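One structure is given here, and the rest of the page talks about it.
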Amino acid sequence: MRFWLRNEEMALEEMVQRLTAVSKNTDEIMHQDIVPLCAADIQEQLKKRFAYLSGGRGQDGSPVITFPDYPAFSEIPDKEFQNVMTYLTSIPSLQDAGIGFILVIDRRQDKWTSVKASVLRIAASFPANLQLVLVLRPTGFFQRTLSDIAFKFNRDDFKMKVPVMMLGSVPELHGYIDKSQLTEDLGGTLDYCHSRWLCHRTAIESFALMVKQTAQMLQTFGTELAETELPNDVQSTSLVLSVHTEKKAKAKEDLQLARKEGNSILESLREPLAESTSHSVNQDQLDNQATVQRLLAQLNETEAAFDEFWAKHQQKLEQCLQLRHFEQGFREVKTTLDSMSQKIAAFTDVGNSLAHVQHLLKDLTSFEEKSSVAVDRARALSLEGQQLIENKHYAVDSIHPKCEELQHLCDHFASEITRRRALLSKSLELHSLLEMSMKWCDEGIFLLASQPVDKCQSQDGAEAALQEIEKFLETGAENKIQELNKIYKEYECILNQDLLEHVQKVFQKQESTEEMFHRRQASLKKLAAKQTRPVQPVAPRPEALTKSPSPSPGSWRSSENSSSEGSALRRGPYRRAKSEMSETRQGRSSSTGDEEENLAILRRHVMNELLDTERAYVEELLCVLEGYAAEMDNPLMAHLISTGLQNKKSILFGNMEEIYHFHNRIFLRELESCIDCPELVGRCFLERMEEFQIYEKYCQNKPRSESLWRQCSDCPFFQECQKKLDHKLSLDSYLLKPVQRITKYQLLLKEMLKYSKNCEGAEDLQEALSSILGILKAVNDSMHLIAITGYDGNLSDLGKLLMQGSFSVWTDHKKGHTKVKELARFKPMQRHLFLHEKAVLFCKKREENGEGYEKAPSYSYKQSLNMTAVGITENVKGDAKKFEIWYNAREEVYIIQAPTPEIKAAWVNEIRKVLTSQLQACREASQHRALEQSHSLPLPAPSSTSPTKGSTRNVKKLEDRKTDPLSLEGYVSSSLPKPPEKGKGWSKTSHSLEAPEEDGGWSSAEELINSSDAEEDCGVGSKKLAPGKYTVVMGDEKEGPDTLAMRSGDMVEVVEEGAEGLWYVRDLTSSKEGWVPASSLSTLLGKSSSAQCLSSSDSSPGSAVLSNSSSCSEGCPTPFSELQG
């Protein structure tokens, strides 16, 4: 760098010296160093032509200055005369001027007095050397005679350093100066034009000034360039180079203009000779041409000096720009390599399974491929720096260390990649060994489980089984872990705590498997050594075990008894020893253990499938996010993205990234922690059930994503990404993966539950399966819910969506004095119902035209019913699939026909739950208010005999009601009044809780309204047992010794009727049996079309009578807003 600066200083100094010399030479050429006077300065005086330099020369080469006849010569100011004399004497070369000038004074038309005065004035003011003065005296006789006499007498007045010759005629003049050197007015042949001479002199001097100014300008410009500080960034350096190049081009333009001007002047000087070859050129004209040529030479010297300087300066700027590019590339590459080094340093995971390690190796390979671009760029940049050094760049001391650092970073990164790959390869080797050992153990357990116990009782069978076992044990040499310490030593570099524990578990399992084989070998050797017995020993049939993997203790006991009896009958006279009986029992217990081992193997297979598919799912999500979603933000791919796809990544991919992070960071790891206890995997699902709600958001966005995909599926961006990923399927197939995955879980859980009936985590698996199915239902329901159009309110205010489905609907409304009866309409309305916690919505289903999700139906909102004013009638005569929903005490009645009886039962059951929960909430609020008033105010007498304001209820009744959690006495009176008009169901027709009842209790007019069907089929209070399936309306989690714990919604089957309002039932889900209160059950699938009344046979005052139609038409403490549209 310093060397370059010295070179630049030297180049500038050399240019300055050369240009200074040009300026000096120009002045010398033009004699400006002696007489700094130009023709332009005295142009007006020169135009008077009282003296001129014609270009003629004397015999010895003396320049001739002619003073023509000028009458006003005496009137010329001295200053002007002096300037003209000085200028004219400065034009000839110094050599010619040194010889001396010849003055020709033409006074032929003048008087002697004027001649005398002119000669004296010229002699006194002439600034140069004189060689000869020739005076053409007056031609008149008198003046000539007078001048001769006067000159003789006044000779002393004309004493000068040179002789003064008085000539009487022009021929005499020719004796001193050749005619060719005199102008025509002096009888000569010299071609002279004063105006042309003046024009040439002005042009030559102007050109000389231009040459001098050009040299000075380039000198100043060069100094400015040399003193410019070099920027530190690429953009500023490029700008400086551009600006300097523009200024240099402008200077070159000025220089070319000057050269063009000089050539033009030179051509003008040569023009007379070009027009006529016979034309003679005088010495002054030759001197002018020589002057111009010398000036052009100085101009060329100026250009050469500047060009040499500019070449060095330009090289400096270009090298500076190369350096800035190199430095910028170095910074970018170094940042990238540092980032990659940090990532590879943080990439310490060695995997927890074979598939995981393979995935990590694949990730490492992918990372290396992506990083190769940066590494290649770094190596290329290092080579570029070496090239700069070879080209003798001025900043070698800055470039060389950076090249070495780049090479070091590349080598370090490559070594880290190699080291990381070696560790993963070692991990892959270890996990392969562990997998082989695990597989060997599983195959061994499967072999032991598959050996039939009955055939092993014979000598041949035992020997065959022994051979199988020995043959299998021989394969252990290749598949087993031989020495644990050797494994520790060989794989010490990758053994972290988790992997160490995994190795120990596998080794323990291997030892346990070997121990099982040794025990089986010992048993089989004993059986093989015994003599063949004539009677076949009895053993459980394997197929029976397969069909009943978890028999009850009672069935085992009965099986053992029958087997023992059968064996005794078959033995006949042969008596077996007690030891033989014990051996038989040991065989049975062994078969039970084998059965458990078989189930454990099946559970492991299901768990492996769950883990393998989960890892593949996570990898596919990552592939989509990196290969498609991330590329949408890549500037290099922006030109491939169509206008309709821009800024719509969130629509296309939804919350896929959130789903990926949940599975990759949380759920997959938790599943892997259950690999040794597959039956406990249900807990993983239960603990993360809230996180699974993210799938609802994804599925709700799926229609928009599908629509966008159809619009932009032909976009080159997708084709390019698919090509890079080497995917056979397009993006839409991968966008469907989350939907497919959430539905896959319930299948795997069912399989796991099938093989885990008697395991510790069976209940968790069952609950997890129910929860996943619930999520699937919620996802499906939400897809329908978002398709509702025309509803003005907020659907979220209606509470949780419980059910949705399509039904046929008839209406029977009574409003005011009119009654519109549509029940008899032949064709019902087709409506899609949405049951929420606070309202039921009626919508009209509209099929949409299109493809995929666009073909999905939409629902036009028609009306809604507030659940606080809704009642139901479970059965409608003549059709087991119909039920009624009525509103405001049957002011509006909707007859609903379900597609199947099962769907009807499910809807009725769900509506019952909603109404029951509302009744319970209202009853508790009423009891609370009644208790508060009973402690503060006396109970007033009834003021009316109205059914809605019957006899006053006392506090004791309220307290009695509170003691029975299953009693609905607050809504159903113990006395049955006259049935109302025809209808089915029960309704509370009293005022709302806000009614002005002084005691704050419920009216005694809360009556049970039963249909005629109900009265025909059963008498109230004397209902006998009806066979069929029932659903639990009000659950009871408190378990007694023989009571069955139930939850609302469970399905049971009646086994027998007991006393005190209790029935013995069987839970259809868990197969458990126990006693439950009859009042907590409701018919699910009755065999009669009429309403089913459920009550105990001896209905006590504390027991409840509940028809299978229910309503909650009274207002609640926080009434729900009217929703009917």
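The values are calculated or read from the model by the stated rules, or taken from the named source; none is laboratory data. Computed from a prediction, not measured in an experiment: that's the story for all the values here. Glycine also receives a Cβ, built like all others from the backbone with ideal geometry; neighbour counts cover every protein chain displayed. For accessibility, only protein heavy atoms count, side chains too; no ligands or nucleic acids. Shrake-Rupley method; radii C 1.70, N 1.55, O 1.52, S 1.80 Å.
Of note:
- Verdict on ARG377 being among the charged types (D, E, K, R), farther than 30 Å from VAL243 by Cβ and at pLDDT 90 or above: yes
- Just so you know, in region 743-758 the residues that are in contact with a Pro (Cβ under 9 Å, 6 or more places away or on another chain) and open to solvent by 30 Å² or more (accessible area, probe 1.4 Å) include one that is farthest from GLU596 (Cα to Cα), and it is LYS754.
- Pairs meeting the criteria (first residue in region 47-75 and within 19 Å of ARG196 (Cα to Cα) and assigned to a loop (DSSP other than H, G, I, E, B), second residue open to solvent by 30 Å² or more (accessible area, probe 1.4 Å) and not hydroxyl-bearing (Ser, Thr, Tyr), beta carbons under 7 Å, at least 6 apart or on different chains) are PRO68/ARG49; PRO68/ASP185.
- Some residue of region 50-59 being at pLDDT 85 or above, crowded, with 18+ Cβ neighbours inside 10 Å, in contact with a Gly (Cβ under 8 Å, 6 or more places away or on another chain) and farther than 14 Å from ARG201 by Cβ: yes
- Residue that is in a helix (DSSP H, G or I), over 30 Å from ILE601 (Cβ atoms) and out of contact with any Pro (no Cβ under 7 Å at 6 or more places or on another chain), where the choices are LEU447, LEU381, LEU428, LEU433: LEU381
- Residue identified as buried (at least 18 other Cβ atoms within 10 Å of the Cβ) and within 30 Å of VAL16 (Cβ to Cβ) among LEU257, LEU269, LEU323, LEU230: LEU323
- Residue in region 593-616 that is buried (at least 17 other Cβ atoms within 10 Å of the Cβ) and within 17 Å of the chain's Cα centre (by Cα) present: no
- Scanning region 200-239 for residues being touching a Ser or Thr at 6+ places or on another chain (Cβ under 7 Å) and of a type in the set (Phe, Trp, Tyr) gives a total of 0.
- Just so you know, in region 369-383 the residues that are more than 21 Å from the chain's Cα centre (by Cα) and of a type outside the set (A, V, I, L, M, F, W, C) include one that is surrounded by the most Cβ atoms within 10 Å (Cβ to Cβ), and it is SER382.
- Region 626-662, residues that are in contact (Cβ under 8 Å) with a residue 24 or more places away in the chain and open to solvent by 50 Å² or more (accessible area, probe 1.4 Å): LYS648, GLU657, GLU658
- Number of positions in region 663-691 that are of a type in the set (Phe, Trp, Tyr) and open to solvent by 10 Å² or more (accessible area, probe 1.4 Å): 0
- Any hit, region 94-103, residues being open to solvent by less than 10 Å² (accessible area, probe 1.4 Å), modelled with pLDDT under 85 and more than 60 Å from the chain's Cα centre (by Cα): no
- Out of LEU748, LEU729, LEU798, LEU708, sole residue that is within 30 Å of LEU835 (Cβ to Cβ) and hydrophobic (A, V, I, L, M, F, W, C): LEU798
- Candidates LEU802, LEU747, LEU765 - the one that is touching a residue at least 24 places away in the same chain (Cβ under 8 Å), in a helix (DSSP H, G or I) and not hydroxyl-bearing (Ser, Thr, Tyr): LEU765
- Failed item, numbered, when LEU120 is tested on (1) of a type outside the set (Phe, Trp, Tyr); (2) open to solvent by 50 Å² or more (accessible area, probe 1.4 Å); (3) in a helix (DSSP H, G or I); (4) in contact with a Gly (Cβ under 8 Å, 6 or more places away or on another chain): (4)
- Taken residue by residue, region 823-830 has no member that is modelled with pLDDT under 90 and polar (S, T, N, Q).
- Region 228-249, subset out of contact with any Cys (no Cβ under 9 Å at 6 or more places or on another chain) and of a type in the set (Ser, Thr, Tyr), residue nearest to GLN322 (Cα to Cα): SER238
- Within region 706-742, considering residues that are assigned to a loop (DSSP other than H, G, I, E, B) and among the small types (Gly, Ala, Ser), the one surrounded by the fewest Cβ atoms within 10 Å (Cβ to Cβ): SER713
- Candidates TYR894, TYR791: the one that is in a loop (DSSP other than H, G, I, E, B) and modelled with pLDDT of 85 or more is TYR791.
- LEU773 part of a helix (DSSP H, G or I), open to solvent by less than 40 Å² (accessible area, probe 1.4 Å) and not β-branched (Val, Ile, Thr): no
- A single member of ASP442, ASP460 is without any contact (Cβ under 8 Å) to a residue 12 or more places away in the chain and open to solvent by 10 Å² or more (accessible area, probe 1.4 Å), and it is ASP460.
- In summary, LYS161 fulfils each of the numbered conditions (1) at pLDDT 70 or above; (2) surrounded by fewer than 16 Cβ atoms within 10 Å (Cβ to Cβ); (3) assigned to a loop (DSSP other than H, G, I, E, B) with the single exception of condition (1).
- With respect to (1) within 30 Å of CYS623 (Cβ to Cβ); (2) crowded, with 16+ Cβ neighbours inside 10 Å; (3) of a type outside the set (Gly, Ala, Ser); (4) out of contact with any Lys or Arg (no Cβ under 9 Å at 6 or more places or on another chain), the lone exception for CYS403 is condition (1).
- Single condition LYS697 does not satisfy, out of (1) at positive phi; (2) in contact (Cβ under 8 Å) with a residue 24 or more places away in the chain; (3) open to solvent by 60 Å² or more (accessible area, probe 1.4 Å); (4) not hydrophobic (A, V, I, L, M, F, W, C): (1)
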